[in-house]
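Undergrad: Dropping a structure here in structure tokens format, bear with me for questions.
The values are calculated or read from the model by the stated rules, or taken from the named source; none is laboratory data. Not measured: the values here are computed from a predicted model. Cβ placement follows ideal geometry from the backbone for every residue including glycine, while neighbour counts extend to all protein chains displayed. Remember, those area values only see protein heavy atoms, side chains included, never the ligands or the DNA or RNA. Shrake-Rupley method; radii C 1.70, N 1.55, O 1.52, S 1.80 Å.
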Amino acid sequence: MGKDLFTRYAVTPAEAVVVLEDAVGAMSARLERMAGHTRQHTASADEPLVVVLIDEVAALTSYIEDRDLKSRARTAMSLLCSQGRAVGYTVVACLQDPRKETIPNRGLFTQMVGLRLRDREETSMVLGDGAVASGALCHKIPLASPGIGYVVPEDGSEPIRVRAAFVDDDLIRAAAEQFPAPSTIPVVVPEPTEKPRSSRARARSKSDS
């Protein structure tokens, strides 16, 4: 219902990987344009801040069965997270399982937000080892209090307790209608190319005939 807010919108893993890799290409081109001129990006109409929003990132980094897509998604995300900040590319990734096995490039994200989590171990995974001792009790947020969370500032200081306002479906639709993306770019997934058969396979076919 908020699709019109976005310049690009991916639904399937294959589409998501295309969007990520295209973002890496655009980021690299901007790096070349900035090289030798400035070390810090300033957002403008011609060179805007680009936000890549991934809802349930584990669907790309862990749960997906296609190994090639999984590897490409991990590589693209790592490049965006490690090189994108200085040139105006930001990745916002959401997930429910914060284990390293689920999101191996977790350490590349510079700021963490923890909502309600299952236990203190998960709180430490998301917000850092000293978060619980500093008062970030994500595992003690009541079920009846959705939207409450803790944020670790980028400077690494003590976590801050926050609460997000509830946004219902009607508000999302209204926002998309009033503030649509100025342009949209379709996501085109290339047709799969058939891999050439190995010489061993060809030899086996001849012997079978």
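Undergrad: Within the bounds of the stretch 149-165, is there any residue that is modelled with pLDDT under 95, under 29 Å from residue 21 (Cα atoms), under 22 Å from the mean Cα position of the chain (by Cα) and open to solvent by 100 Å² or more (accessible area, probe 1.4 Å)?
TA: Yes.
Undergrad: Just to verify a result, which residue in the stretch 59-100, among those that are of a type in the set (D, E, K, R) and in contact with a Pro (Cβ under 8 Å, 6 or more places away or on another chain), is surrounded by the fewest Cβ atoms within 10 Å (Cβ to Cβ)? Talk me through it step by step, then tell me what you get.
TA: Taking the stretch 59-100 and keeping what is of a type in the set (D, E, K, R), we get 65-68, 70, 72, 74, 85, 97, 99-100.
Subset that is in contact with a Pro (Cβ under 8 Å, 6 or more places away or on another chain): 66, 74.
Numbers: 66: 12, 74: 17.
That would be 66.
Undergrad: Which members of the stretch 20-70 meet the condition of being among the acidic types (Asp, Glu), outside any loop (DSSP other than H, G, I, E, B) and more than 23 Å from residue 88 (Cα to Cα)?
TA: 68
Undergrad: Considering only residues of the stretch 118-140 that are farther than 18 Å from residue 94 by Cα and hydrophobic (A, V, I, L, M, F, W, C), which is surrounded by the most Cβ atoms within 10 Å (Cβ to Cβ)?
TA: 136
Undergrad: Another one. Please determine, by comparing only the residues of the stretch 113-133 that are in contact with a Phe, Trp or Tyr (Cβ under 9 Å, 6 or more places away or on another chain) and part of a loop (DSSP other than H, G, I, E, B), which one is nearest to residue 77 (Cα to Cα).
TA: Applying the filter and picking the extreme gives 115.
Undergrad: Determine, yes or no, whether residue 110 is part of a strand (DSSP E or B), hydroxyl-bearing (Ser, Thr, Tyr) and under 25 Å from residue 74 (Cβ atoms). First the steps, then the outcome.
TA: Numbers: part of a strand (DSSP E or B): no; hydroxyl-bearing (Ser, Thr, Tyr): yes; under 25 Å from residue 74 (Cβ atoms): yes.
Judged against the criteria, residue 110 is not a match.
Undergrad: Is there any pair linking a residue in the stretch 87-113 that is on the phi > 0 side of the Ramachandran plot to one that is outside any loop (DSSP other than H, G, I, E, B), with Cβ under 8 Å and at least six apart or on different chains, and which?
TA: 88/30; 88/50
Undergrad: Now for a different question. Do we have any residue at all in the stretch 195-207 that's within 30 Å of residue 12 (Cα to Cα), open to solvent by 50 Å² or more (accessible area, probe 1.4 Å), out of contact with any strand residue (DSSP E or B) (no Cβ under 7 Å at 6 or more places or on another chain) and modelled with pLDDT of 90 or more? It would help to see each step written out before you state the result.
TA: Looking only at the stretch 195-207, we keep the residues that are within 30 Å of residue 12 (Cα to Cα), and these are 195-197.
Filter once more, keeping what is open to solvent by 50 Å² or more (accessible area, probe 1.4 Å): 195-197.
In the following step, the residues that additionally are out of contact with any strand residue (DSSP E or B) (no Cβ under 7 Å at 6 or more places or on another chain) were identified as 195-197.
From what's left, modelled with pLDDT of 90 or more: none.
Looking for residues that are within 30 Å of residue 12 (Cα to Cα), open to solvent by 50 Å² or more (accessible area, probe 1.4 Å), out of contact with any strand residue (DSSP E or B) (no Cβ under 7 Å at 6 or more places or on another chain) and modelled with pLDDT of 90 or more, one finds none in the stretch 195-207, hence no.
Undergrad: Of everything in the stretch 38-55, what is of a type in the set (Asp, Glu) and either over 18 Å from the mean Cα position of the chain (by Cα) or open to solvent by less than 40 Å² (accessible area, probe 1.4 Å) (or both)? Give them in sequence order. Walk me through it before giving the result.
TA: Start the filter on the stretch 38-55 by keeping residues that are of a type in the set (Asp, Glu), which leaves 46-47, 55.
Listed by number, the residues that qualify are 46, 47.
Undergrad: Here's a follow-up. If I filter the stretch 17-32 for residues that are modelled with pLDDT under 95, closer than 30 Å to residue 156 by Cβ and either out of contact with any helix residue (DSSP H, G or I) (no Cβ under 7 Å at 6 or more places or on another chain) or charged (D, E, K, R) (or both), do I get at least one hit?
TA: no
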